[in-house]
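Worksheet for the structure shown next.
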Amino acid sequence: MRYYPEYSLTCALPGLEKVRYNQEYNRSTFMNMATIATFLSSITAATLQYSYSQTSSSGELWAYVNGVWFSSLVFSIASAANSFLGVVLYQRPEYFGHSSLSEYRIIRFWLDKCPMFFLLISGGLFGIGLCLFSVSSNQVCLIFLSMIMSNWIHASDFFLSPTHALSVSL
């Protein structure tokens, strides 16, 4: 029997192509978020190592720096874990098949919104920790102000842009 690619199963079922496209889109979106969250986790862990040794020798501000960076680390790990969970669940649609409609909506909302939300909180906490780090290490005030302004400009640019590269639509 000869194989004719134009008469394959995917050409005969156009809905199957849409399902595959949606699965690939969701997988790539969640994997991109997981990659960014993992990268942010590694940066946060490295900066936490630098500031952790300063806690016992200096004032109270170093404890705040470490607390904010540890919180950033927790949220970035939560974002990566939720992104990996989203990859698994969106590749296997039968997980959603036995849920009631309200359970399905809650799971979809959690998987669509929470990884990005956790990643934004993590990035914001890391920026706050970076500002506190520059103040606690007695750096010049101009550096502190430039960091605040650059973080503010970056955050406002992200929230005001009409499309986000990592947004997941319902």
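For Ile43 and Tyr104, compute 0.36 nm times the residue count separating them, minus their Cα-Cα distance, and round to one decimal in nm.
Between Ile43 and Tyr104, full extension yields 18.5 nm more.
Work out, step by step, the length gained on full extension between Phe70 and Phe117: first 0.36 nm times the residue separation, then minus their alpha carbon distance; give nm to one decimal.
15.2 nm
Extending each Cα 7 Å along its Cβ direction at Glu24 and Met149, get the distance between those two points in nm, one decimal.
Each label point is offset 7 Å from its Cα along the Cβ direction, giving 4.5 nm.
Nearest 0.05, what FRET efficiency do Asn32 and Glu60 give at R0 = 45 Å with Cβ-Cβ as r? It would help to have the intermediate numbers written out before the result.
Values: r = 38 Å, r/R0 = 0.85.
Here the calculated transfer efficiency is 0.70.
Values quoted throughout were computed directly from the atomic coordinates according to the rules given, and no laboratory measurement underlies them. Just so it is clear, the model here is predicted, and its values are computed rather than measured. All Cβ positions, even for glycine, are placed from backbone atoms using ideal geometry, and neighbour counts span all protein chains on display.
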